[in-house]
Structure formats: structure tokens, C-alpha cells
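A.B. asks: If you scroll down you'll find the structure; I have some questions about it.
Values in this text are rule-based calculations from the coordinates and carry no lab data. Remember, it's a predicted structure, so these values are computed and weren't measured experimentally. Glycine gets a Cβ as well: all are built from the backbone with ideal geometry, and neighbour counts include every protein chain shown.
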Amino acid sequence: MPYFVFRISADKQMSLVKSCEKFQEAKDLCRERRIAESPGNPNAFRMSFAENEIKAKRLLGEKRQPSSPLEEWEA
């Protein structure tokens with residue numbers, strides 16, 4: 001399964017930047033884009049691991065439940 005890197009706009013619209021076969025490649029791409037294009041907003045570029053682009057978008061759009069009381073406190 002590939003890793004999908006998305007650009008997320010201020011109005012929460014996702015556009016695919018690139019799909020990568022290796023985690024390190026996707027991670028590096030996210031890091032580079034964040035530094036170059038959105039240093040003040042680390043959530044402007046996100047990565048998802050899924051079977052296809054549609055499932056990757058759905059995973060990024062879902063509101064996740066905190067897995068621990070500490071995460072609940074931080075939210």
C-alpha cells in the first residue's frame with residue numbers, strides 16, 4: 001500500500017501532492033514541503049497510509065478518539 005501526501009487548505013480541502021511507496025520518502029516530502037511552503041502551519045501537509053487516495057482522504061478527515069487520558073487532556 002502506498003503513502004499519500006496531501007496539501008490541506010485553510011477550508012479543509014485536500015489535494016494530492018504525491019503518492020510514495022516508501023515511508024521515508026513520504027516523510028521527507030512532508031517535511032520539505034512544510035519547511036518551504038508553510039512554516040507556520042505544520043498541518044498544511046499530511047501523510048496517510050491507505051489502499052487508495054479516496055480511503056487516505058477519508059482517514060485524514062475522520063475525527064479520532066483520544067487513545068489515552070493524556071491525549072484527552074491535551075485536546
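A.B. asks: Near the amide H of Ala50, under 5 Å away, which other amide H atoms are found, from residues 5 or more places off or on another chain, if H is placed in the peptide plane?
C.D. replies: Phe4
A.B. asks: So who's got an amide H within less than 5 Å of the one on Phe45, skipping anything under 5 residues away but keeping other chains? H placed 1.01 Å off N, in plane.
C.D. replies: Ile8
A.B. asks: Right, here's the next one. Show me the trypsin sites (Lys or Arg not before Pro) within segment 1-60 that DSSP assigns to loop and that have at most 16 other Cβ atoms within 10 Å of their Cβ.
C.D. replies: Here the trypsin sites (Lys or Arg not before Pro) that fit, given the DSSP loop and packing criteria, are Lys12, Lys22.
A.B. asks: So, in nm, how far is label Phe49 from label Lys12 when the simple model puts each one 7 Å beyond its Cα toward the Cβ?
C.D. replies: 2.6
A.B. asks: Moving on. For Glu32, what charge total do you get from the other residues with a beta carbon under 13 Å from its beta carbon, if Lys and Arg give +1 and Asp and Glu give -1?
C.D. replies: +3
A.B. asks: Near Ser9, within a Cβ-to-Cβ distance under 15 Å, what is the net charge of the other residues, with Lys and Arg +1 and Asp and Glu -1?
C.D. replies: +4
A.B. asks: Here's another thing I want to ask about it. Which is the longest part of the chain that has none of the GluC sites (Glu not before Pro) sitting in a DSSP loop with at most 13 other Cβ atoms within 10 Å?
C.D. replies: The answer is 22-50.
A.B. asks: In nm, what is the difference between 0.36 nm times the number of residues separating Glu62 and Arg31 and their Cα-Cα distance?
C.D. replies: In short, 8.9 nm is gained.
A.B. asks: Which of rounded, prolate, oblate describes segment 1-54, given a ≥ b ≥ c as roots of the alpha-carbon gyration tensor eigenvalues and a/c under 1.5 marking rounded, otherwise prolate only if a/b is larger than b/c?
C.D. replies: The shape class here is oblate.
A.B. asks: For the chain, find the longest principal axis of its Cα atoms and tell me its angle to the long axis of helix 23-37, 0 to 90°, nearest 10.
C.D. replies: Once rounded, one gets 90 degrees.
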